Amino acid sequence: MTDTHAAPTRLYHNPRCSKSRGALELLQARGIEPILVAYLDTPPSVEQLRDLLALLGLPARGLLRSGEDEYRQLGLADPALDDDHLLAAMAAHPRLIERPIFVHAARAVIGRPPERVLELL
């Protein structure tokens, strides 16, 4: 089990996403070179997603991208679905995970807009 509080500075990053690229550029302009987590290639586990939610202070639905095809196909708009169901869906379908997520100094923020990553510096 990893200790997310001691975890290095990292950015859950999709290089094809303009918001994700913008967040990375803002960090690099300030001399921050986060570890890039290519979450679409290596999806986080349900436990890693739980750790991220704890750092973000959000419920699972707060990390869910509702505009993706998988959201509709999997019926994730159903308010009866619990966090376990939503986290399992995100782990299996990482496109459902909101991006970018910046983790720094035992805190995390979703970089939408990208300038939000600067809140943790």
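The values are calculated or read from the model by the stated rules, or taken from the named source; none is laboratory data. Source: prediction; values computed, not measured. Quick note on the areas: whole protein, heavy atoms, side chains included, nothing else; ligands and nucleic acids left out. Shrake-Rupley method; radii C 1.70, N 1.55, O 1.52, S 1.80 Å.
Values for this structure:
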read-out	value
Hz values of 3J(HN,Hα) by residue in the range 20-35 - Karplus curve (6.51, -1.76, 1.60), Gly and Pro given as x	5, 4, x, 5, 4, 4, 4, 5, 4, 5, 9, x, 9, 10, x, 5
Solvent-accessible area per residue for the chain (1.4 angstrom probe, square angstrom)	53 Å²
Volume of the Cα convex hull of the range 1-109, divided per residue and given in Å³	96 Å³
Gain in span if fully extended, R112 to E25, counting 0.36 nm per residue against the direct Cα distance	29.9 nm
Sulfur and carbon atoms: percent of accessible area, the range 12-121 [1.4 Å]	51 percent
